[in-house]
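To start, the structure under review is shown below, and the notes come after it.
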Amino acid sequence: FDLNPISTFITRMSCISPVDLEDFEKSFNDFFSKVKDKIEFLYRTNCPTCKKNAVIINTVWNDSKAKYIFYNCLCGSKGFKKIETTDLALIKKIEKLDIPFWYPKTDLPLDADVSSVDQLYTKRNLIALSILNNEIETMPEGINKDLIKIMFSSLLIRASKLIFVNKYRFNKGINPAGVWGVKRFWTPKENIENNVLYYFKARYVKIIKAKKETNILISDFYQDGINTKIFNKSADDLAIIDDNTIDYCFTDPPYGGTVQYFGLSTVWNAWLKYNIKSENEMIINNGKNLSDYEELLVKSFSEIYRVLKPGKYLSTTFHSSNSNVWDVLLKACKKAGFSFVNVIPQ
């Protein structure tokens, strides 16, 4: 059970097995051939060594100005170079282009540095992402489409302005891309623009490795809706489960107001067109205080207590530096009927 649709999508794609990897390879190659020519021209630069076209892997921006390029060329040359007039001309050309397909303009949380999802991207990356997303939407429904969709979703932050410059890597002369480093939509003054096509293709290797693993570990055990049921619902309503039928529950509720999960997942849910009901989120924020949070916890733990068999266990992962939040968690468990057994620090 999870109220956030991106969470249930990730869970399903992690579990689903077995996957016909040969069929998926054909599907991916067909998909990539359709998008390659539409996107790769956006990331071309002159190779300082052979003077021919090279591929831009990363562009370093500072104060909204492109400063450096990390490139890779077929001649074997790769590394950093300063932005040249031809690179600036390409950026100016791209700025005049229309974004060819749909893209989300969903509002971001109030503490974000920009107001909407589309503003998290350069024009170049927004064009590339719109092309990928449109091609995904034209695919027939099925596991191959879903696998490519999860690849696309895992790219959405990597392709944004949220990626800071890793100074250690920059000074070493290697790919300088950092990560999304804070728990809000912070666009650092100096950030990295990653090549959408390059990083999308890199995700193919990762997903093949992942599904090879689940093909072995899970094999044909996974049966959606039979021995595995995934619900995009809140834990405070488990009405579809009968009393005293569950052997074990593991849950990981939001840690008070430490991490604003729904707000931070806006990017993925917006691009995948998932509807979220943030008013039902079990968290301290959006008008909910500590008392509201406790009430929601009690409802959820009471439902878990109802469906567990007598004498069976609930494990709850929790992290907070606020003693009041911890107190509320423990009170909620007790009010629901649970007896305290043990705490294990990890």
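The values are calculated or read from the model by the stated rules, or taken from the named source; none is laboratory data. Bear in mind the structure is a predicted one, so any value in this text is a computation, not a measurement. All Cβ positions, even for glycine, are placed from backbone atoms using ideal geometry, and neighbour counts span all protein chains on display. All accessible areas refer to the heavy atoms of the entire protein, side chains included, with ligands and DNA or RNA removed. Shrake-Rupley method; radii C 1.70, N 1.55, O 1.52, S 1.80 Å.
Pro104 passes every criterion in (1) modelled with pLDDT of 95 or more; (2) over 17 Å from the mean Cα position of the chain (by Cα) apart from (2). Cβ-Cβ distances below 6 Å connect the following pairs, each with a first residue in the range 70-96 that is within 18 Å of Asn191 (Cβ to Cβ), a second residue that is in a helix (DSSP H, G or I), and a separation of six or more residues or different chains: Ile94/Lys123; Ile94/Arg124; Glu95/Lys123. Of all the criteria given as (1) within 15 Å of Phe200 (Cβ to Cβ); (2) touching a residue at least 60 places away in the same chain (Cβ under 8 Å); (3) open to solvent by 70 Å² or more (accessible area, probe 1.4 Å); (4) not small (Gly, Ala, Ser), the one not satisfied by Asp37 is (2). Listed by position, the strands (runs of 3 or more DSSP E) enclosed by the range 176-283 that each have at least 2 residues that are aliphatic (A, V, I, L, M) are 177-180. Kindly indicate whether Asn324 is open to solvent by 30 Å² or more (accessible area, probe 1.4 Å), out of contact with any Leu (no Cβ under 6 Å at 6 or more places or on another chain) and not in a helix (DSSP H, G or I). No, not satisfied. Filtered by the rule that a residue be closer than 15 Å to Asn58 by Cα and of a type in the set (A, V, I, L, M, F, W, C), the range 157-181 gives Ile157, Ala159, Leu162, Ile163, Phe164, Val165, Phe170, Ile174, Ala177, Val179. Condition check: of a type in the set (A, V, I, L, M, F, W, C), surrounded by fewer than 12 Cβ atoms within 10 Å (Cβ to Cβ) and at pLDDT 90 or above. Does Ile174 satisfy that? Here the answer is no, as Ile174 does not meet what is asked. Of all residues in the range 274-319, those satisfying the criterion of being free of Cβ contacts under 8 Å to residues at least 24 places away in the same chain and open to solvent by 40 Å² or more (accessible area, probe 1.4 Å) are Ser278, Glu279, Asn286, Gly287, Asn289, Ser291, Asp292, Glu295, Gly311. Counting the residues of the range 51-83 that are charged (D, E, K, R) and touching a Pro at 6+ places or on another chain (Cβ under 9 Å) gives 1. Select from the range 242-264 the residues that are on the phi > 0 side of the Ramachandran plot and open to solvent by 30 Å² or more (accessible area, probe 1.4 Å) and list them in ascending order. Matches in the range 242-264: Asn244 only.
Looking only at the range 12-34, residues that are touching a residue at least 60 places away in the same chain (Cβ under 8 Å), among the hydroxyl-bearing types (Ser, Thr, Tyr) and out of contact with any helix residue (DSSP H, G or I) (no Cβ under 6 Å at 6 or more places or on another chain) come to 1 in all.
Counting the residues of the range 129-160 that are open to solvent by 30 Å² or more (accessible area, probe 1.4 Å), part of a helix (DSSP H, G or I) and over 22 Å from Cys15 (Cβ atoms) gives 2. Among the residues making up the range 44-54, those that are surrounded by fewer than 19 Cβ atoms within 10 Å (Cβ to Cβ) and touching a strand residue (DSSP E or B) at 6+ places or on another chain (Cβ under 8 Å) are Arg44, Asn46, Pro48, Lys52, Asn53. Within the range 194-205, restricting attention to residues that are open to solvent by 50 Å² or more (accessible area, probe 1.4 Å) and either of a type in the set (S, T, N, Q) or touching a residue at least 24 places away in the same chain (Cβ under 8 Å) (or both), which residue is nearest to Lys149 (Cα to Cα)? Looking at the filtered set, the residue picked out is Lys201. For Val182, the conditions (1) touching a residue at least 24 places away in the same chain (Cβ under 8 Å); (2) more than 30 Å from Tyr313 (Cα to Cα); (3) of a type in the set (A, V, I, L, M) are fulfilled apart from (1). Checking the stated criteria, Leu120 turns out not to satisfy the condition of being open to solvent by less than 40 Å² (accessible area, probe 1.4 Å) and within 21 Å of Asp37 (Cβ to Cβ).
On the stretch given as the range 206-219, residues that are over 17 Å from the mean Cα position of the chain (by Cα) and surrounded by 15 or more Cβ atoms within 10 Å (Cβ to Cβ) total 5.
Looking at the range 88-102, which of its residues are under 16 Å from Ile39 (Cα atoms) and either open to solvent by less than 70 Å² (accessible area, probe 1.4 Å) or in contact with a helix residue (DSSP H, G or I) (Cβ under 7 Å, 6 or more places away or on another chain) (or both)? Scanning the range 88-102 gives Leu90, Ile91, Ile94, Glu95, Leu97, Ile99, Pro100, Phe101, Trp102.
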